[in-house]
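For reference, the structure discussed in these notes is given below.
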Amino acid sequence: MVLKRWGREVLELLFPRQCCGCGQRLASGEQLVCMECQCCLPLETLRDWEFNRHKVALGTHPALFRVGALTRYDRTNISAELVRSLKFRRRHELGNWMGRVAAELLGDTGLFEGVDMLVPIPLTARRLHSRGFNQAEKIADGLSAALGIPVRVDVLQRLRYQESQTHFLRAQRHDNVQGIFRRLTDEGLAGRHVMIVDDVITTGSTMHAAIEALESVPGIRLSVFAWAWVPIPPSKFFMPES
């Protein structure tokens, strides 16, 4: 026991564990993200998942039930830094942590109530091979472990990546994501409540395409969860589509 503890201390000295958010050395008992960064998470204060701007921005889908996120995304905040660590520094274990934290902090808000399965936004086969994992799936795994909701990765297939949406007008974004997802099966979906999971919602166009691929299943109810979303300014939200 003493030797085991001594070995851990030596490893910690030679290879200090660093926070995925700020890069500072983790204290004893801290895992992946330091307490200071956890306290600085820009939590979304909105709790009305059925009536919010992001839901409206996704379009008039009769099957769409709830839309929510844990944090607000800005390129300079800790939420964005954790997403970068997950995706580009390949800290895949961080995705599970993010899902568990979201389940803990949002568990009593009703966002996950009645959800039968979690469907992560898929990557293309090429992107999955190059990255080695799907960040949305890792977040879904963390949610699943905490909430007991099964993850389905056999439902959606991503056929291609769309060009970045940020420079398109709203009227053009729908065309840019047309046909990027294909529904692989209807098995176990009819009449069920399916939550689509992603890391970040920016313009919402990718999520809109995923909803379109699933909404024709008879009796399906769809909800959406992301670790973070980019806040929609009123000027953008009320901008006419054409």
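Here the stretch 209-226 is the region considered, the condition is being of a type outside the set (A, V, I, L, M, F, W, C) and more than 19 Å from the chain's Cα centre (by Cα), and the residue that is nearest to VAL115 (Cα to Cα) is GLY219.
Only residues that are among the hydroxyl-bearing types (Ser, Thr, Tyr) and either open to solvent by less than 20 Å² (accessible area, probe 1.4 Å) or more than 20 Å from ASP48 (Cβ to Cβ) (or both) were counted across the stretch 86-124, and they come to 1.
For the criterion of being at positive phi and at pLDDT 95 or above, LEU70 fails. Residues in the stretch 70-106 that are among the aromatic types (Phe, Trp, Tyr) and either under 11 Å from ASP199 (Cβ atoms) or touching an Asp or Glu at 6+ places or on another chain (Cβ under 8 Å) (or both): 1 in all. Hey, can you tell me all the residues within the stretch 67-85 that are aliphatic (A, V, I, L, M) and within 11 Å of the chain's Cα centre (by Cα)? If the condition is that a residue be aliphatic (A, V, I, L, M) and within 11 Å of the chain's Cα centre (by Cα), then ALA69, LEU70, VAL83 are the ones that fit. Would you please name the residue that is modelled with the highest pLDDT, looking only at residues in the stretch 158-178 that are buried (at least 17 other Cβ atoms within 10 Å of the Cβ) and within 27 Å of ALA190 (Cβ to Cβ)? Only one residue tops the list, namely ARG158. Would you be able to say whether some residue in the stretch 15-25 is at pLDDT 90 or above and more than 24 Å from ARG89 (Cα to Cα)? The answer is no; no qualifying residue exists. Of everything listed in (1) open to solvent by less than 60 Å² (accessible area, probe 1.4 Å); (2) modelled with pLDDT of 95 or more; (3) more than 21 Å from PHE65 (Cβ to Cβ), the single unmet condition for LEU184 is (1).
Of the numbered criteria (1) out of contact with any Cys (no Cβ under 6 Å at 6 or more places or on another chain); (2) part of a loop (DSSP other than H, G, I, E, B); (3) open to solvent by 70 Å² or more (accessible area, probe 1.4 Å), the one LEU46 fails is (3). Remark: ASP154 matches the filter, which requires a residue to be within 18 Å of the chain's Cα centre (by Cα), modelled with pLDDT of 95 or more and open to solvent by 40 Å² or more (accessible area, probe 1.4 Å).
The set of residues from the stretch 67-85 being outside any helix (DSSP H, G or I) and surrounded by 19 or more Cβ atoms within 10 Å (Cβ to Cβ) comprises VAL67, GLY68, ALA69, LEU70, THR71, TYR73. With respect to the stated conditions, ALA146 is aliphatic (A, V, I, L, M), touching a residue at least 40 places away in the same chain (Cβ under 8 Å) and in a helix (DSSP H, G or I).
The values are calculated or read from the model by the stated rules, or taken from the named source; none is laboratory data. From a predicted model like this one, the values you see are computed outputs, not experimental measurements. Glycine also receives a Cβ, built like all others from the backbone with ideal geometry; neighbour counts cover every protein chain displayed. For accessibility, only protein heavy atoms count, side chains too; no ligands or nucleic acids. Shrake-Rupley method; radii C 1.70, N 1.55, O 1.52, S 1.80 Å.
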